[in-house]
Amino acid sequence: MRAAGVPFTILRPVLIYGEGVKGNFARLMELAHKPWPLPLGLCRNRRSLLARRNLIDAIHLALASPAAKGETYVVADPSPLTLAEIVAALRAGEGRSAGLLPVPPPFIALGAAALGRTDEWQRLHGKMVVDPAKLLSAGWKPTLDTRAGLVALARANASSVAN
């Protein structure tokens, strides 16, 4: 694009959450929705997430700001959460307690390996934190806080399932 002289801004979003998401986050939501306690209470791996609404805000900034032209930005909600915090927020949105058992992650990894699900566990337990400081300094103001966004998402899903 640079060689062609076409104006551009590159946005590199992390894992996106919001209504209708598919893939890994949809699977995590299904797991959090299960009625039984989950052995994730000691999972302290932090994850950067991105609310769909916040991505839209970043796109608006990229389109409206002349200073954004020719720049590359990592797009993530400013506050990464642990896996345990993500599940707790999703369950709070359903009006439930976190229900997380304090099982050491190496034991979960052993169980996942025994079930042939090592890859799934590695994706779930992996760390992925990015810093959106450059985008924030360019004027991006995310609308949704991560925890509040997850609670609202789970609440909306619970009410749509109930109807």
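Rule-based calculations on the coordinates, nothing more; no lab input. Just so it is clear, the model here is predicted, and its values are computed rather than measured. As a convention, Cβ positions derive from the backbone with ideal geometry for all residues, glycine included, and neighbour counts pool all protein chains shown.
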Handout entry: Between the range 60-106 and the range 126-147, the Cα center-to-center distance that results, in Å
Key = 9
Problem - Compactness of the range 10-154, expressed as Rg and Dmax over alpha-carbon positions, Å - result: 16.5, 54
Practice task
Any chance you could count the Lys pairs in the range 10-154 whose alpha carbons are under 26 Å apart, treating pairs 8 or more apart or on different chains as valid?
Solution key: 7
Exercise for the section: State, as an integer percentage, the relative contact order of the chain based on alpha-carbon contacts under 8 Å between residues 6 or more apart. Expected result: 33
Handout entry: DSSP beta bridge pairing in the chain, given as percent antiparallel to the nearest 5
Key = 20
Exercise for the section: Measure off 7 Å from each Cα along the Cα-to-Cβ vector at His60 and Lys34, then give the distance between these two points in nanometres to one decimal. Expected result: 3.9
